[in-house]
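Colleague: The structure under discussion is supplied below as structure tokens; questions concerning it will follow.
What follows draws every value from the coordinates through simple rules; no lab data is involved. All of these numbers come straight from a predicted model, not from anything done at the bench. Please note: Cβ atoms are built from the backbone with ideal geometry, for glycine as well, and neighbour counts cover all protein chains shown.
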């Protein structure tokens, strides 16, 4: 018998904080940080050492970057890694 209320223990995004406020997903935070710097996806990809399609997938939430890429993205986007990914 499958519990219909089952929720997986993992999540690619934080949907709410303790106060019930909607939090931004990793995808939204990456895109927001990139746009704040006036960068294109191609520019971010080049500086982070990944493909432009990888950046596109990160920004739509279809893929989560590896830890080494997370660190590089945080560096290029001039944001603490915790603010982008945790």
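Colleague: So how much slack lies between residue 67 and residue 28, counting 0.36 nm per residue of separation and subtracting their Cα-Cα distance, in nm?
Modeller: Length difference between fully extended and current span is 12.2 nm.
Colleague: OK, next. Taking the Cα-to-Cβ direction at residue 82 and at residue 47 and moving 7 Å from each Cα, how far apart do the two end points lie in nm?
Modeller: With each label point 7 Å from Cα toward Cβ, the separation is 2.3 nm.
Colleague: Assuming a viscosity of 0.692 mPa s and a temperature of 37 °C, what translational diffusion coefficient in µm² per second does Stokes-Einstein assign to segment 26-85, Rh being the Kirkwood radius over Cα pairs? Intermediate values should be presented prior to the final figure.
Modeller: Numbers: Rh = 10.9 Å.
Taking Rh from Cα pairs, D becomes 301 µm²/s.
Colleague: Can I ask one more? For residue 56 and residue 37 in the same chain, what is the full-extension length gain: residue separation times 0.36 nm, less their Cα-Cα distance, in nm?
Modeller: Taking 0.36 nm per residue and subtracting the Cα distance, the gain is 5.2 nm.
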